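Reading through the structure tokens given below for one structure.
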Amino acid sequence: MLTQPFAEALAEAEKIIAGAPHVTSELDLAEGHDYLAGSIQASLRLAWAYQRDFPYFVQSTGPYTKMGLDNPDTLYFHAYLRDDAEYVVTGTRGTTADLSFQVLKGDYTPAEVPDSLSAFDDRAIEIAGNGAFEFRLGPGPSGPGYFTLGPGSAMLIVREVYSDWGAERRGTIRIHRADQAGCAPPPVTDTATAAKRYGVAGKLLLSRLRTFLAFPEWFYLNEPVNTLTPPRATPGGLATQFSSVGHFDLADDEAMIVTVPAAAKETAPYQGIQLGSMWYVSLDYINHQTSLTADQARIDPDGRMRFVISERDPGVANWLERTGHRRGYVQLRWQRLTRDLGPEDGPAVLVVPFDELPGALPFYDQAQVSALQWQARIAARQAAIAERMLG
């Protein structure tokens, strides 16, 4: 059977999900199987999209194919490359807060993060008045509009990041190998290619699951629970991005307050916070407020944002819903930075009994929202995501 290698990988993948160390409840297992379903979809799509001579951008993750603590504010795309070929990237710059590019050597594995060979954002390329841009990647020397592909270059990742979901609009992007424009790949004339792709899809699936169960051990779980790190350069070589990370463990009668200065737009056009499950993926950010950007959040009169992470509804604008998760991950990001960040730019964390929130939030009365206002916030999220998914 052509699909036998993939079927065997599916059986192994189900064992990985069931044996994950954090699985202690039916909710954990149910979410694990949802995660598995998305990973199956993504692995099959990626196996068939492996085209280095005739590449195109594939959406790396989305609401139903989550991985790697995906940022709810980001559209992720990637295309495969050869390090000895030249590629042309064209597109139009949308109005999103950030657009960045990264060339990776290899892929993520359970043992290591791939080397980042180069990373830059759209400030490094020329953009016309109508938003159009073009640049090249290849083995030649770097220069205006040309970026060198180092030895081992295997993948170009593109991240388009929203801050204001309702007002900002995505751009367009395309890639082709310079010497293959107008040509076509040879037709598939036998079943060996499909057999190989099913085998690749199975390997991708197992690597994906193992990698992102191991990843939090490197960067999150070695930190004390219910704390957040000072801002630091995001691992993986991303240009002009800093992060603060942590993991929470909260009872239903507890709340975590995360207080962080609202960065000036000229310092960080994008600033956001999100929650993730122990599967190292985002929580439901369409139908629940499990993430906020600086444009979406309430900023207190003292210039700080105060987020409340809790299971019970505190009735405030910056509530981040745990959606039944006692444990999970927290990450703050600053992107398109014009300077490095220090501890004074980062978050402070306080865990309090839920009933003591009014006294622990300096502007509690001003931060309250009604049930109808909350419903309107969720409706706006649902509408913005639907529009974004349709392009």
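The values are calculated or read from the model by the stated rules, or taken from the named source; none is laboratory data. Note that this is a predicted model, so its numbers are computed, not measured. Don't worry about glycine lacking a Cβ; one is built from the backbone with ideal geometry, like all the others, and counts go over all protein chains shown. The area values use the complete protein model at the heavy-atom level, side chains included, leaving out ligands, DNA and RNA. Shrake-Rupley method; radii C 1.70, N 1.55, O 1.52, S 1.80 Å.
Points worth noting:
- Leading residue by the ranking (nearest to residue 83 (Cα to Cα)) among those in region 160-181 that are outside any loop (DSSP other than H, G, I, E, B) and under 18 Å from the mean Cα position of the chain (by Cα): 160
- Qualifying positions in region 146-156 - open to solvent by less than 20 Å² (accessible area, probe 1.4 Å) and assigned to a strand (DSSP E or B): 153, 155, 156
- Scanning region 247-256 finds no residues that are outside any loop (DSSP other than H, G, I, E, B) and free of Cβ contacts under 8 Å to residues at least 40 places away in the same chain.
- Residue count, region 341-366 (criterion: assigned to a strand (DSSP E or B) and open to solvent by 20 Å² or more (accessible area, probe 1.4 Å)): 5
- Those residues of region 99-117 which are at pLDDT below 90 and either over 26 Å from residue 210 (Cα atoms) or part of a loop (DSSP other than H, G, I, E, B) (or both), in sequence order: 106, 107, 108, 109, 110, 111, 112, 113, 114
- Extreme residue, least open to solvent (accessible area, probe 1.4 Å), among residues of region 322-340 that are closer than 14 Å to residue 269 by Cβ and over 18 Å from the mean Cα position of the chain (by Cα): 338
- Output for region 368-378, where each listed residue is under 28 Å from the mean Cα position of the chain (by Cα) and open to solvent by less than 50 Å² (accessible area, probe 1.4 Å): 374, 378
- Among (1) open to solvent by 10 Å² or more (accessible area, probe 1.4 Å); (2) in contact with an Asp or Glu (Cβ under 9 Å, 6 or more places away or on another chain) - the single one residue 40 does not satisfy: (2)
- Conditions (1) of a type in the set (D, E, K, R); (2) buried (at least 18 other Cβ atoms within 10 Å of the Cβ); (3) assigned to a helix (DSSP H, G or I); number of the one not met by residue 45: (2)
- Close contacts from region 365-391, counting a first residue that is farther than 18 Å from residue 318 by Cα and a second that is open to solvent by less than 60 Å² (accessible area, probe 1.4 Å) and of a type in the set (A, V, I, L, M), with Cβ to Cβ under 8 Å and a gap of 6+ residues or different chains, come to 385/286; 388/75.
- Residue among 143, 166 that alone is open to solvent by less than 60 Å² (accessible area, probe 1.4 Å), more than 20 Å from residue 79 (Cα to Cα) and free of Cβ contacts under 8 Å to residues at least 24 places away in the same chain: 143
- Condition check for residue 364: touching a Gly at 6+ places or on another chain (Cβ under 8 Å), among the aromatic types (Phe, Trp, Tyr) and farther than 13 Å from residue 260 by Cβ: no
- Tally, over region 279-312, of residues that are without any contact (Cβ under 8 Å) to a residue 40 or more places away in the chain, touching a strand residue (DSSP E or B) at 6+ places or on another chain (Cβ under 7 Å) and open to solvent by 40 Å² or more (accessible area, probe 1.4 Å): 1
- Just one residue in the set 264, 178 is loosely packed, with under 14 Cβ neighbours inside 10 Å and within 24 Å of residue 343 (Cβ to Cβ); that residue is 264.
- Condition broken by residue 221, with the remaining ones in (1) surrounded by 12 or more Cβ atoms within 10 Å (Cβ to Cβ); (2) assigned to a helix (DSSP H, G or I); (3) at pLDDT below 95 satisfied: (2)
- Of all residues in region 55-84, those that are crowded, with 20+ Cβ neighbours inside 10 Å, assigned to a loop (DSSP other than H, G, I, E, B), in contact (Cβ under 8 Å) with a residue 40 or more places away in the chain and within 13 Å of the chain's Cα centre (by Cα) total 7.
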